[in-house]
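The structure appears below as structure tokens.
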Amino acid sequence: MKEQLEKIYENATSDLTEASCISDLDEIRGKYLSRKGEFNEIKKNLKNLSDEDKRIVGSLANEITQKLEKALKTKHEEFYKKELDAKLAKERLDVTLPGKYIPRGKVHPITSTTNEIVASLQSLGFSVVPDAQSPEVETDYYNFDALNVPKDHPARDVQDTFYTTIAQNIVLRSQTSGAQIHAMENAKPPIRVISPGRVYRNENINARKNNFFHQIEGLYVDKDITFGDLKGVLNEFIRIYFGSSRPTRFRSSFFPFTEPSAEVDVQCIMCEGKGCRTCSGTGWLEVLGCGMVDPNVLKNVGIDPDVYTGFAFGMGVERLAMLKYAIDDIRLFFNNDVRFLKQF
Ligand code: DAH
């Protein structure tokens, strides 16, 4: 029996050396140490031995099972650590790696420029009129007549204005100035509003002109409004919008709906006033038209020009964006070239 025990131990030890994972160890434990294991089979036969032999074989069996238990335990720890290390290495997560780039859409530069201009003017006390008060498809009354534009004015020509086939008097608006009329029809002075939007002109497209573009109209009507107020507001707007003082100039001009009228030029950013292709060699770029609201316009909406005065302005969004970001071709805004749009 003693030899039998030693033989079993020898087999168990060699099984143990060949074991390579925890489940091998479980198998060995089952084979040798479980209730039905080989050692227990021997222990069952102990009762047939003499007391003396029982003691010797019994203690040898205990000693051997203990040694085997211990060896199994050591192996188990070793395999457990190895398997854990392998698992950890496999599941390792490097939190310092850069994340996956998810491309996102961006706000179009015309939209963001419009938002910036609107925010600048809001900070000066102007509020935006509801969209319903500045339609892109207008009657010629709002686009021209109410604005004191005579019937024979060249701007009304089909070469300048897009007429629709809806009706003879319905046009794609050529300016946002019609919003002034809607604003004055819908509220009593004091009125201090702005109206951003798209306008259409029957132009030959080139680096400086597109057949649609964007404007922001402004109107301030109250008692005692002067040209000085107009200059103050526009100079302050330019300081806010460009973030520093840019050389600007007021140039006298003519618009049927303002008297006196002016245009504001900002120094060309491309050549810093030296003269280049973008500014046609003048060193200046016109960014807006403005003036004191013509008394005829006030009369057209039932406001008494002897009591109230006002100023108005209309700025070109594309021009202001080009001047801020040094963009030399208006067509870039509308080509939808991602390489251009990505930069904003
Ligand atoms: N509507 C003019 C244009 O499109 C710009 C303009 C000039 C607007 C004078 C005004 C203004 O409100 O007072 O060229």
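Every read-out reported here was derived from the displayed coordinates using simple, explicitly stated rules and does not represent laboratory data. Not measured: the values here are computed from a predicted model. Methodologically, a virtual Cβ is constructed for each residue, glycine included, from the backbone with ideal geometry; neighbour enumeration extends over all protein chains shown.
Starting from the Cα gyration tensor of the stretch 19-157, multiply each eigenvalue by 5, take the square root, and state the resulting semi-axes largest first in whole Å.
Values: eigenvalues 1998, 47, 35 Å².
Value: 100, 15, 13 Å, ordered largest first.
Listing PHE162, PHE254 from the residue with the fewest other Cβ atoms within 10 Å to the one with the most, what is the order? Working shown, then result.
Details: PHE162 15, PHE254 12.
The order, fewest Cβ neighbours first, is PHE254, PHE162.
Which order results if MET1, MET322 are arranged by neighbouring Cβ count within 10 Å, fewest first?
Numbers: MET1 15, MET322 26.
Sorted ascending by nearby Cβ count, the order is MET1, MET322.
Looking only at Cβ-Cβ distances, which cysteines of the chain have no other cysteine closer than 4.7 Å?
So, CYS21, CYS290.
Rg (Å, one decimal) plus Dmax (Å, integer) for the alpha carbons of the chain?
44.7, 137
Karplus couplings for the stretch 328-344 from phi (6.51 cos²θ - 1.76 cosθ + 1.60, θ = phi - 60°), rounded to Hz, Gly and Pro as x?
Per residue, the Karplus-derived 3J(HN,Hα) values read 9, 9, 4, 5, 4, 5, 10, 7, 6, 7, 4, 4, 6, 5, 4, 6, 9 Hz.
Going highest first, how would you order 135-144, 117-126 by mean Cβ packing within 10 Å?
Numbers: 135-144: 18.7, 117-126: 16.4.
My ranking of the peptides, most packed first, is 135-144, 117-126.
Once every Cα of the stretch 143-235 carries one equal point scatterer and solvent is ignored, give the base-10 log of I(q)/I(0) from the Debye formula at q = 0.18 Å⁻¹, two decimals.
Cα-only, vacuum Debye calculation for the stretch 143-235: -0.96.
Are there trypsin sites (Lys or Arg not before Pro) in the stretch 127-193 that DSSP marks as loop and that have at most 16 other Cβ atoms within 10 Å, and which are they? Please report the intermediate quantities before stating the final value.
Details: sites: LYS151, ARG156, ARG173, ARG192; in loops: LYS151, ARG173.
Loop-located and lightly packed - LYS151.
Using only the Cα atoms of the stretch 278-332, what semi-axes does the equivalent ellipsoid have when each is the square root of 5 times a gyration tensor eigenvalue? Give whole Å, largest first. Write down the numbers at each step before the final one.
Values: eigenvalues 243, 25, 13 Å².
Equivalent ellipsoid of the stretch 278-332: 35, 11, 8 Å, largest first.
So what's the gap between the Cα centers of the stretch 279-294 and the stretch 1-48, to the nearest angstrom?
Between the Cα centre of the stretch 279-294 and that of the stretch 1-48, the gap is 102 Å.
From the backbone phi of the stretch 273-286, what are the Karplus-calculated ³J(HN,Hα) couplings (6.51 cos²θ - 1.76 cosθ + 1.60, θ = phi - 60°) in whole Hz, Gly and Pro given as x?
x, 6, x, 8, 4, 4, 9, 6, x, 8, x, 10, 10, 6
So for the stretch 211-325, considering every pair of alpha-carbon atoms, how many percent are separated by more than 23 Å? Could the numbers behind the result be given before it?
Values: 2186 of 6555 pairs.
Value for the stretch 211-325 (Cα pairs over 23 Å): 33 percent.
Amide H to amide H, which residues 5 or more places from CYS268 or on other chains are under 5 Å from it, using H placed in the peptide plane?
Correct list: GLY273, TRP284, LEU285.
Work out from phi, with θ = phi - 60° and the Karplus expression 6.51 cos²θ - 1.76 cosθ + 1.60, the ³J(HN,Hα) of each residue of the stretch 100-113, listed in order in whole Hz, and give x for Gly and Pro.
Whole-Hz 3J(HN,Hα) from phi for the stretch 100-113: 6, 7, 10, x, 10, x, 10, 6, 4, x, 5, 5, 5, 5.
What lysines could a cross-link reach from LYS100, if we take a straight Cα to Cα line under 28 Å and drop same-chain neighbours fewer than 8 places away?
LYS87, LYS90, LYS342
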